[in-house]
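First up is the structure itself, then whatever we jot down about it.
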Ligand code: ATP
């Protein structure tokens, strides 16, 4: 699976619809300071479900929407679409049948995010699920930002473990376990409540 296109519109400095085509396995984005190189990486992280504005170098999530400039008015919505080439079928399971996989996120000024998978509305979880265990993801090791190497060198063993678990493909199952444990806890609470009600009726 290879990231083949990034489509940006209304996102940070990319007010006009812009498409980056990655035609080979090695692509470099170069340009002067402030031209939007880091914004492109923020965009990739954002589509994959990043929910912390701070990790996208903003104060609130609406800061990802183009906020106007001396010559342009601000816009009401931002959207990013990532297109992955899956012709090698490396993203298996139910996605193996698709030679191209598109994930898209939109946000409007009311702060509401919408996610789309191959054009159909989906949950954030559906997107994060696809990438868990692949090394890609909003905070995964596939995105090495400034300062990350020194953070890795200084990391405590339990922080390093998170990266190793992602590389080993374990994080997906740990996440499933966490969700299941939450569901069990909620079901237990409901059962307790039911028992209370039953005792009151008896
Ligand atoms: P450097 O080489 O200095 O790291 P860069 O190419 O990585 O720069 P970015 O950090 O991607 O640059 O882009 C910064 C630019 O994006 C700034 O000019 C900033 O004003 C603009 N920008 C960021 N958020 C928004 C927004 N919401 N609306 C409009 N412009 C924005």
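Things to note:
- Residue count, the stretch 80-95 (criterion: farther than 20 Å from residue 137 by Cβ and within 16 Å of the ligand (Cβ to nearest atom)): 0
- Of all residues in the stretch 7-25, none are touching a residue at least 40 places away in the same chain (Cβ under 8 Å), under 13 Å from the mean Cα position of the chain (by Cα) and surrounded by 18 or more Cβ atoms within 10 Å (Cβ to Cβ).
- The single condition among (1) buried (at least 20 other Cβ atoms within 10 Å of the Cβ); (2) closer than 17 Å to residue 136 by Cβ; (3) out of contact with any helix residue (DSSP H, G or I) (no Cβ under 7 Å at 6 or more places or on another chain) that residue 66 does not meet is (2).
- The lone exception for residue 49 - which of (1) touching a strand residue (DSSP E or B) at 6+ places or on another chain (Cβ under 7 Å); (2) away from the ligand (no atom under 16 Å from the Cβ) it fails: (1)
- Of all the listed residues (127, 149, 164), the sole one being in contact (Cβ under 8 Å) with a residue 24 or more places away in the chain and assigned to a helix (DSSP H, G or I) is 127.
- Residue count for the stretch 14-29, restricted to those that are within 16 Å of the ligand (Cβ to nearest atom) and modelled with pLDDT of 95 or more: 6
- With respect to the conditions (1) surrounded by fewer than 12 Cβ atoms within 10 Å (Cβ to Cβ); (2) within 12 Å of the ligand (Cβ to nearest atom); (3) touching a residue at least 12 places away in the same chain (Cβ under 8 Å), residue 42 lacks only one, and its number is (1).
- Among (1) closer than 27 Å to residue 126 by Cα; (2) under 25 Å from the mean Cα position of the chain (by Cα); (3) without any contact (Cβ under 8 Å) to a residue 40 or more places away in the chain; (4) assigned to a helix (DSSP H, G or I), the one test that residue 185 misses: (2)
The values are calculated or read from the model by the stated rules, or taken from the named source; none is laboratory data. On a predicted model such as this, the values are computed, not experimentally measured, just so you know. A quick note on method: Cβ atoms are made from the backbone with ideal geometry, for glycine too, and the neighbour counts reach across all protein chains shown.
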